[in-house]
Amino acid sequence: RAGAIRHVAYDVRDMSAEAPMNPEWFQRSVLRVLAQRASAEVVHSLPVYEFDIVHRVQDAFRFLANGKNTGKVVLRMSCAHVAPALQLGFGALRSRLDASAGAAAAAIDLDRLADALSLLDRLCRQFVREALKGLDPTTVVKWHHKLLLQWCAGARDGGEGQVDGAAVERAHAGVAPEVALASRCGPHLRAALQGTTAYQELLFPGGSMDAVLPVYQDAVVANFYNGVVLAAVEAVVAGLEDGRQLCVLEVGAGTGGTAAMVLPALQNACAQYLFTDVSEVFLLQAQQRFA
């Protein structure tokens, strides 16, 4: 519709990048125009799409996954599903989480982990350099593959010498899941950029989560953060009044690594657990795994 207005010129701007770089332009060319339009009452609100959180939460996330919505997506909750606030002080919760996170960090050996992550970064850069060696950019057709190619071109630098996955794991065994995934996908990066290999099949072979699930559930970094979430959930459950149960909403649950950690702690204290994600694959896998 906008393209049909022939006498109007359009200029695409990245506001998140340009506003901080040139605040005077932002105030002059954007805020002032918006103020004038507001005064003239020609500014129209964006549409709002409402979905009932009990009956249509999956429809809401499928709607978002289509990527065609303009406006706001709202999950509507009736008064029947709104409970009084939990009697849990955030000061006490923060102290409990500080203690839990501190104990977990002390058990990791952060120096060795930092060395291992540095080696893992070198390993991934090796895969990038090999993928781009002699690659004709015209063979990268899809727009998002072109963006990835641009990023790879800036990430391939580094001449620290060759490293293999075994060396990374010797530095810290807790990064083995990341090493396995990088070693599986890295050699196929060029084919993925050119579209001759489906990246979905690299990450989810045959629709299986086996290749990625360890990264989000067993790897040392994921295990640390999932443990922090678990400590918070346990603190909430411990403070529940007798007979009271929780309704839990996990946004962007993905592979289910966090859910697998916290669900046992919620076993006798949860009336409903809503597992949400924009990917239909993750929802189907979660249904088979947890439902």
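The values are calculated or read from the model by the stated rules, or taken from the named source; none is laboratory data. If you're wondering where the values come from, they're calculated on a predicted model, not measured in any experiment. In this analysis, Cβ positions are derived from the backbone assuming ideal geometry, glycine residues included, and neighbour counts consider all displayed protein chains. These area figures cover heavy atoms from the full protein model, side chains too; ligands, DNA and RNA do not enter into them. Shrake-Rupley method; radii C 1.70, N 1.55, O 1.52, S 1.80 Å.
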task: Only helical DSSP H runs with n ≥ 4 go in: add -39500 (n - 2.57) per run for the chain, normalise by residue count and round the 222 nm mean residue ellipticity to 500 deg cm²/dmol.
output: -15000 deg cm²/dmol
field: Amide hydrogen neighbours beyond the local backbone of Cys270, cut-off 5 Å, H modeled
entry: Leu246
statement: Karplus ³J(HN,Hα) for the range 276-291 (6.51 cos²θ - 1.76 cosθ + 1.60, θ = phi - 60°; Hz, whole; x = Gly/Pro) runs 10, 6, 6, 8, 5, 4, 5, 5, 5, 5, 5, 4, 5, 8, 10, 5
message: Taking amide H atoms as placed 1.01 Å from N in the peptide plane, list the residues 5 or more away in sequence, or in a different chain, whose amide H sits under 5 Å from that of Asp52.
response: Arg76
query: Where does the charge balance sit around Ala235 when Lys and Arg score +1, Asp and Glu -1, over other residues with C-beta under 14 Å from its C-beta?
result: 0
field: Rounded to whole Hz, the Karplus (6.51, -1.76, 1.60) HN-Hα couplings of the range 203-210, x for glycine and proline
entry: 7, 10, x, x, x, 7, 8, 4
message: I need the calculated FRET efficiency for the pair Arg28 and Thr70, taking r as the beta carbon distance and R₀ as 30 Å, to the nearest 0.05.
response: 0.70
Which of Leu113, Gln126, Val140, positive extreme of dipole for the chain (C-beta unit charges): Val140
message: Whole-Hz ³J(HN,Hα) for each residue in the range 181-192, computed from phi via Karplus 6.51 cos²θ - 1.76 cosθ + 1.60 with θ = phi - 60°, x for glycine and proline: what do you get?
response: 5, 5, 5, 6, 8, x, x, 9, 4, 4, 5, 5
task: Please calculate the 1.4 Å probe accessible area of Glu201, with all protein chains present, and give it to the nearest 10 Å².
output: 100
message: I'd like to check one number: the per residue accessible area of the range 172-291, probe 1.4 Å, reported in Å² as a whole number.
response: 50
message: What's the longest uninterrupted piece of the chain once you rule out the trypsin sites (Lys or Arg not before Pro) that are loop residues per DSSP with at most 14 other Cβ within 10 Å?
response: 143-243
- line: If amide H atoms are modeled at 1.01 Å from N in the peptide plane, then the residues at a separation of 5 or more from Val73, or on another chain, having amide H under 5 Å from its own are Tyr49
message: Once neighbouring chains are kept in place and the probe is 1.4 Å, which whole percent of the accessible area of the chain is contributed by carbon and sulfur?
response: 56
